[in-house]
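The values are calculated or read from the model by the stated rules, or taken from the named source; none is laboratory data. Note that the structure is predicted; figures quoted are calculated from it, not measured. Cβ placement follows ideal geometry from the backbone for every residue including glycine, while neighbour counts extend to all protein chains displayed. The accessibility values were calculated without ligands, DNA or RNA, using every heavy atom of the protein model including side chains. Shrake-Rupley method; radii C 1.70, N 1.55, O 1.52, S 1.80 Å.
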Amino acid sequence: MMTLLALSASLAACGGIAGPVAPSPTPDGVNVPPPAGVTLRSAAASIGKLVGAAVKSNLLADGEYSRVLRQEFNYLTAEYELKWDVIEPRMGRTDYSRGDAIVSFGDAQRLRMKGHALIWHESTPSWVEDLPTDAFRAALMAHIRTTVGRYRGRLAAWDVVNEAVSDGGGLRDSVYQRKLGNGYIAEAFREARTADPSALLFYNDYGAEGLNGKSNRVYELVRDLKAAGVPIDGVGLQMHVGTTSRPSVADIAANMRRLAALGVVVTISEMDVVLNGPGSQDERLAAQREVYRDIVGVCVREPRCDGVTFWGFTDGHTWLPGQEPLLFDAQYGRKPAYSGVLDALLGR
Ligand code: G3I
C-alpha cells in the first residue's frame, strides 16, 4: 500500500502540505441531486470520456454499492485483487477467485475494465525476494503471462508497471531493479503485449501529475521506452491529492501534453482528494469540490486524456479512512465533490 509517508511525498510534490491531515468528523454530506437523468456515466459518455472507480470484490454483493457503481461509472479497476501478492502468496499456488469475481461482474454489466498492477514493489510476494536472478525472471514472466493471458480480450488495459520512479526522481531501488536491472520494465511490457495484444498497456505513478523532478523522470522513462520500440500505450497519473495540496491546472495540462506528444494516452488513474486545510466542514467540502472540478476539467479539455478513475467512490470504503476523499459519503449521499465532477464533465 502506498504508505502515508509516500502519500505525503505525493502531496508534497503537489506543492506543499498544509499541515497534518487530521481525521475529520463524518460529513453531513450535502446530498446534491443531479439534473434528472444525468449521471457521471451519462455525462462522460456524451463527451467520449471514461469515468471509473476502483472496486473491491467483497463489496459487489452489496446492493447499494453495486447500484451506484453501475449507475455512475463505465470503467472498473480492481483495487487489490489482481496484484501478485494476492494472486500468488505462495510460489506456484495461484488464486484468481477475487479477480475473477470483479471481471465477471464487469462482463455481466458490460463495463470496461483495467487490470492493476502486474509489477508493484509494494505487492510483491515475499517468496520472490530469495529467488536467484534466473528463477526470479522466470517467475515474474510466468506471472505476467498467466495473469494477462487469463483475461485476454476481457480487460481493456493493464497497469503493467506501478511506481517504478522514486520520489527523488531516479528509478526506484526495488527487488525488480536489483535482480533484473533497468530492463525489467521493457521486459514486462513486451511480455504483457504478447499475452494480450488487445490490451492497452500503462505505466502508472503518483506525485508525477504536474511539473516536477519526478514527472520529468517519468517523461524521460516513457520517452526512452517509446524510442526503444517498447509497447507502452499510456501513462496513469494517480492524482492522490488534497484540498490544499494539488498540482496546478496549468502544470497538469502541460504534463499531459508532453506525454501525449510521445504518442501515449494519459489517464487520471486513482484520484482522491483528502479534506486537508482550514475552515468549516462546509468550506472544506466546497474546496474539495473545486479541486475535483478543476482537475477533472483538465482531462475533459485534453484530447489525449481518456478519462478519470476515482480510487473508490464512497468515503465508507477508502484506503484513507476518516479523510473523506471521495464523491459520495459513507451513506452514498452525493457530496459537493460529485457536482464538481459533473460540472467538469458537462463543461460548466
Ligand atoms: O479484503 C481482505 C480481507 O478479507 C482480509 O481479511 C484482510 C487481511 O488480509 O485483507 C483485506 O484485503 C486488503 C485490501 O486492501 C482490502 O481492504 C489487503 O490486505 C490490503 O493489502 C489492500 O490494500 C490495498 C493496497 O493498495 C495494497 O494492495 C488498498 O486497498 C489499495 O487502495 C491500495 O491501492 C494503491 C494502488 O494499488 C497503487 N497506488 C497507491 C494506492 C494506495 O496505496
task = Specify which of the listed residues (191, 209, 220) is part of a helix (DSSP H, G or I) and over 30 Å from residue 130 (Cα atoms).
result = 220
inquiry  = Just the residues that are assigned to a loop (DSSP other than H, G, I, E, B) and open to solvent by 70 Å² or more (accessible area, probe 1.4 Å), please, taken from segment 126-137.
reply    = 132
request  = Please state which of the following conditions residue 24 fails to meet, knowing it meets all the rest: (1) at pLDDT below 95; (2) of a type outside the set (Val, Ile, Thr); (3) out of contact with any Gly (no Cβ under 8 Å at 6 or more places or on another chain).
outcome  = (3)
Top-ranked residue in segment 157-179 [being surrounded by fewer than 18 Cβ atoms within 10 Å (Cβ to Cβ) and aliphatic (A, V, I, L, M); ranked as nearest to the chain's Cα centre (by Cα)] = 171
note = Residue pairs qualifying under the 6 Å Cβ cut-off, at least six apart or on distinct chains, with the first in segment 319-340 being in contact (Cβ under 8 Å) with a residue 40 or more places away in the chain and the second being charged (D, E, K, R) and surrounded by fewer than 18 Cβ atoms within 10 Å (Cβ to Cβ), are 332/64
ask   = Would segment 280-291 turn up any residue that is among the basic types (Lys, Arg) and within 16 Å of residue 49 (Cα to Cα)?
value = no
message = Filter segment 85-125 down to the residues that are away from the ligand (no atom under 13 Å from the Cβ) and either of a type in the set (Val, Ile, Thr) or assigned to a helix (DSSP H, G or I) (or both) and list them by number.
response = 94, 100, 103, 104, 105, 106, 107, 108
inquiry  = Out of the residues in segment 299-324 meeting the condition of being under 17 Å from residue 65 (Cα atoms) and of a type in the set (Gly, Ala, Ser), tell me which one is least open to solvent (accessible area, probe 1.4 Å).
reply    = 312
query = In segment 234-267, what count of residues is obtained for those that are surrounded by fewer than 19 Cβ atoms within 10 Å (Cβ to Cβ), farther than 30 Å from residue 323 by Cβ and touching a residue at least 12 places away in the same chain (Cβ under 8 Å)?
reply = 5
remark   = With the first residue restricted to segment 272-283 and required to be in a loop (DSSP other than H, G, I, E, B), and the second required to be acidic (Asp, Glu) and open to solvent by less than 40 Å² (accessible area, probe 1.4 Å), Cβ contacts under 6 Å at 6 or more apart or on different chains are 275/324
query = Do we find a residue being modelled with pLDDT of 95 or more, assigned to a strand (DSSP E or B) and loosely packed, with under 13 Cβ neighbours inside 10 Å anywhere in segment 71-84?
reply = no
key: Residue list for segment 143-164, filter: of a type in the set (Gly, Ala, Ser), assigned to a loop (DSSP other than H, G, I, E, B) and closer than 20 Å to residue 52 by Cα   = 153, 156
query = Does any residue of segment 60-69 turn out to be modelled with pLDDT of 55 or more, away from the ligand (no atom under 16 Å from the Cβ), among the polar types (S, T, N, Q) and more than 30 Å from residue 215 (Cβ to Cβ)?
reply = yes
request  = Please specify each residue of segment 65-112 satisfying the condition of being out of contact with any helix residue (DSSP H, G or I) (no Cβ under 7 Å at 6 or more places or on another chain) and free of Cβ contacts under 8 Å to residues at least 12 places away in the same chain.
outcome  = 67, 92, 93, 97, 100, 104, 108, 110
